[in-house]
Amino acid sequence: VIFFLLLFLPIITLMMLDPELPKFRVDSLTVSNFNISPTTPPLLSGHFTVIISARNPNSKLTFSYNHLDAGIYLGSNQLSGTTLPPFALSKKNETSLTANFAAVGAYVDQAESENLVFNLKIQMKVRYKAGFWRRVTWLEAFCPGLSVRTNTVKSGSSSDVWSLIGGARSCEVC
């Protein structure tokens, strides 16, 4: 009997809690101090500011986030990384985070495009909590297709500030 209780208790708990993964969204992306070197291969420099919303869709669970490592990518090339501060989300709550990245001389292979398409990855340690039930796991939020118009600057620098084209983007969480 004890064996069956230990085996089925986690399943019953999950069915009662009906947990959903947290939701992440990129609300804005701006790029400033942008420069693509005329060298071969081209090197990119710039400052990136990303505003991210995190939402807890659950009515019975709270989330605590620690060890948030974020990276901004152009294609598969990581341009820059940063660490985000830990935070918690209570039931049915939402919060915003700002991630700042600085890329200096990052290799790029897509510098000939009018639009640059960036990706954002956030790897995080998450603690789920509902009453006595607790679970710790690692999750990744992947936010693809963050297009920024470069005003056809193929090489050289610009003092313009470019913004995300097409509005907020949802992220995949796994």
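Heavy-atom accessible surface of residue 160, to the nearest 10 Å², is about 70 Å², with a 1.4 Å probe and all protein chains retained. Of the residues 98, 62, the one with the largest accessible area comes first in the ranking 98, 62, computed with a 1.4 Å probe on protein heavy atoms. With a 1.4 Å probe rolled over the protein heavy atoms of all chains, the accessible area of 161, 173, 126 falls in the order 161, 173, 126, largest first.
Packing-wise, with mean Cβ within 10 Å as the measure, how do 38-45, 70-77 rank, highest first?
For the peptides 38-45, 70-77, the packing ranking is 70-77, 38-45.
Using a probe of 1.4 Å, the accessible surface attributed to residue 91 totals some 110 Å² when neighbouring protein chains are kept in position.
For residue 92, a cut-off of 24 angstrom between C-alpha atoms picks up these lysines, skipping any fewer than 8 places away in its own chain: 23, 60, 121, 125, 129.
Counting only heavy atoms of the protein chains and using a 1.4 Å probe, residue 47 has close to 60 Å² of accessible surface.
What do you reckon, how do 2, 165, 122 stack up by accessible area (1.4 Å probe), largest on top? Each step should come with its number before you reach the end.
Working: 2 125, 165 60, 122 0 Å².
Output order, biggest surface exposure first: 2, 165, 122.
The values are calculated or read from the model by the stated rules, or taken from the named source; none is laboratory data. Not measured: the values here are computed from a predicted model. Because the Cβ atoms are built from the backbone with ideal geometry, glycine has one as well, and the counts that use them run over all protein chains shown. Note: areas computed on protein heavy atoms with side chains; ligands, DNA, RNA excluded. Shrake-Rupley method; radii C 1.70, N 1.55, O 1.52, S 1.80 Å.
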